[in-house]
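Notes to accompany the following structure.
Coordinate-derived values only; no laboratory data. If you're wondering where the values come from, they're calculated on a predicted model, not measured in any experiment.
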Amino acid sequence: MKNADEFKRNMKKKIKCPFCEKEVEMGIELNVLKNLNPAQYFHYPHIYLHGDPLHAIICYIDSELNIRNTGVIKSIEISRDHDTFRQIVKKWMNLY
């Protein structure tokens, strides 16, 4: 089995969710990083979905994978269509 480092690059530090206070370690998939141009690296938005009730941390990262700013998203709507469901399952089945 391959390890997670072959699929994602971890952020420089763990952060504590401002809503539920869970400490999380986030990472960005390497295939996403490879497709960014340098202009997109400046405060690139990334979302970490978790918890009960379901909520998300949104963070903005720089080209060095430092987290520059964070926020909490409590209002989440998920499209109930086949393509979205398929993509959620695909993300869920990722090796990391």
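Of the labelled figures [x] 65, 28, 22; [y] 67, 30, 19; [z] 34, 31, 29, only one reflects Cα extents along the principal axes in Å as derived from the coordinates, namely [z]. For Asn10 and His50, the difference between the fully extended length at 0.36 nm per residue and the C-alpha to C-alpha distance is 12.7 nm. The slack in the chain from Met93 to Glu77, taken as 0.36 nm per residue of separation less the alpha-carbon distance, amounts to 3.7 nm.
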